[in-house]
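Quick notes on the structure that follows.
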Amino acid sequence: MALPAAADSHEDDGWGDEVLYFVIVDRFADGDPDNNQNVDISAKGTFHGGDLIGLRERLDDLADLGVTVLWITPVVKNIPGFVTGAGFPDWGYHGYWADDFYSLDPRFGSEEDLEALVDAAHERGIKVLLDVVYNHVGYDSRYTKDPATRAWIRASCGQDDLTTCVGGLPDLKTELPEVADYLFKAHIGLAERVGLDGFRIDTVKHVDHDFWQEHRRRLNEALGEEFFLLGEVWGGDARNLDPWFATDELDAGFDFGFQGSTLAFLQGRGRPIAFNRYLEKRHEVREGYHLGHYLSTHDVAGALFQLEGDIELFELAALLQLSVSGIPIIFYGEEVGRPGGDWPDNRSDMPWGDLGIKPGAGLPRNEELRSSYQRLIELRRGTPALWRGTHAGHHFDQDLLSFVRRDEATGQAVVVAVNRSAEQAAAMPPLEEWLGSEVKDLWNEETLEIAGAEATVTVPPRSARILTLE
Ligand SMILES: [Ca+2]
Ligand SMILES: [Ca+2]
């Protein structure tokens, strides 16, 4: 089958320098105790009371952190009860178990609350992506029982990507035009009414390409080509996401390799040169399309947890996340050292310290780490080479990786050097173009003199430099 060429408008869609912040609405901030149902913040699988109003009230924090896009978990009405497959009562607090695609879950808020959130975010220069599910409905949801919709659900789960029941959830027959139309109208209609900037799409590979192409056509018609689609294709990377980019079904996909590759490098489980090879490969992504890369999400054990709470190494991970290509995705609270854990502890409450905000009132915040995030985000956004530059390995030894990001438009070269060793300082040669000049370390706010060809740049143990010519 011949694939149509990607749309020209994708050559510069303006998303290259975005920094995304991902929030589980229920676990962030409770702005309206009156909408709380089945709330027990001591239980892992219950609702914790967070809502759209609470999130709106904290937007200044996000603006102050410097993030530019907010991704929120689904807010459609979820199944009213809980399931017990996990060994404890597990509710739809995450929003992925829809019971009605045409109403919002009162536990999260109303459509007016969503619109107010979007407006308030836009006032602060923050775009909003809403998480949407097209593939399945919640366990035992009304769609499985209503005579009008029963036939929309696959009677038996298949073995292939399209007909499998992800997590045992009832799979929608998305290939039926009636089902597709119903879902398009629900999600696109909501986006149009509340002014969303895009969707984060769940379980993309479990719905066929024809569906996603029709989805894009409907979106273009309703909202224009700017509407942004970040898709979850499990296991995605620059190469295997391409079938969705080639036909413009998505604008971006998750890079599932970043967390593991970065942690392996930092923990000494892989050679610096191997990590560099991985970083280089990320640049094979189709022009005008993006990889989104995370250190933690709601589906994996977070980076800080995997690093056994080692804040120094975690900060180096964040520095790498914000110094490589793609759209960095910060999972709520990791900027203040939320400890996370394996599922479902990875979905713990946003720590609010002594601010008195529920459900995470009293949970400790690492403000120093947050300041590092602020500086890293500001540095990235102010240094085009870090988000749109080319990538080339520069120097590797046992524990040091340095690479050059070069911005083709301005010629600016930035060298990012990370020494993972806990004991040894590392050294690397300067770029040839630096000889006889002063070089600025943007991260440590130092100036280094590069005297002559013999000069080396030292990187102290467990630290990093981000270097460029003055
Ligand atoms: Ca609430
Ligand atoms: Ca499916």
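The values are calculated or read from the model by the stated rules, or taken from the named source; none is laboratory data. Since we're looking at a predicted model, the values are computed, not measured. Here the Cβ is made from the backbone with ideal geometry for all residues, glycine too, and neighbour counts use every protein chain on show. For the accessible areas, the whole protein counts, side chains as well, though only heavy atoms, and no ligand, DNA or RNA atoms are used. Shrake-Rupley method; radii C 1.70, N 1.55, O 1.52, S 1.80 Å.
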Packing-based ranking, highest mean first, of 26-37, 317-328 given that Cβ atoms within 10 Å are counted: 317-328, 26-37
Percentage relative contact order, the stretch 242-310, counting C-alpha pairs under 8 Å, at least six apart: 41 percent
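Could you give the semi-axes, largest first, of the ellipsoid that matches the stretch 16-122, computed as the square roots of 5 times the alpha carbon gyration tensor eigenvalues and rounded to whole Å? Before the final figure, lay out each step's value.
Numbers: eigenvalues 121, 43, 36 Å².
They are 25, 15, 13 Å, listed from largest to smallest.
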Calculated over the stretch 67-220: convex hull of Cα atoms, volume per residue (Å³): 124 Å³
Proximal lysines relative to Lys44, as straight alpha-carbon distance under 16 Å, when same-chain residues fewer than 8 apart are discounted: Lys358
Largest to smallest principal axis extent of the C-alpha atoms in the stretch 390-469, angstrom: 37, 26, 22
Separation in nanometres of the label points that stand 7 Å from Cα toward Cβ, at Asp161 and Leu355: 3.9 nm
For Thr458, solvent-accessible area (1.4 Å; no DNA, RNA or ligand), Å²: 70 Å²
Heavy atoms of His94: accessible area, 1.4 Å probe, square angstrom to 10: 10 Å²
The stretch 114-175, relative contact order in percent, only Cα pairs under 8 angstrom and at least six apart counted: 33 percent
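Of all alpha-carbon pairs in the stretch 8-382, indicate the percentage at a distance above 39 angstrom. It would help to have the intermediate numbers written out before the result.
Details: 7671 of 70125 pairs.
That fraction is 11 percent.
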Modelled FRET efficiency - R0 41 Å, Ser42 with Glu454, Cβ distances, 0.05 increments: 0.10
Descending Cα extents along the principal axes, the stretch 330-369, whole Å: 26, 22, 13
Accessible-area ranking of Cys165, Cys157, largest first, probe 1.4 Å: Cys157, Cys165
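Just to confirm, what accessible area per residue do you get for the chain at 1.4 Å probe, in whole Å²?
Details: 18520 Å² over 470 residues.
Accessible area per residue, the chain: 39 Å².
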Probe 1.4 Å - accessible area at Phe88, Å² to nearest ten: 50 Å²
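Output the relative contact order of the chain, whole-number percent, from Cα pairs under 8 angstrom with separation of 6+ residues. Spell out each step's value before the answer.
Values: 998 pairs, mean separation 62.3, N = 470.
In percent, rounded to a whole number, it is 13.
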Helix 111-123 axis, angle to the chain major axis (alpha carbon atoms, nearest 10°): 20 degrees
The chain - mean residue ellipticity at 222 nm from DSSP helices (-39,500 (n - 2.57) per run, n ≥ 4, rounded to 500): -7500 deg cm²/dmol
Surrounding net charge for Asp242, when Lys and Arg each add one and Asp and Glu each subtract one, Cβ distance under 15 Å: -2
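Restrict the search to the stretch 278-331; then list the GluC sites (Glu not before Pro) that DSSP places in a loop and that have at most 15 other Cβ atoms within 10 Å of their Cβ. List each step's numbers first, then the result.
Details: sites: Glu280, Glu284, Glu287, Glu308, Glu312, Glu315; in loops: Glu287, Glu308.
Hits after loop and neighbour filter: Glu287, Glu308.
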Carbon and sulfur %, accessible surface of the chain computed with the full protein complex present, 1.4 Å: 48 percent
R0 of 35 Å, Cβ-Cβ distance Ala409-Asp64: FRET efficiency to nearest 0.05: 0.75
Point-to-point label distance, Ser103-Glu226, nm (Cα→Cβ direction, 7 Å offset): 3.4 nm
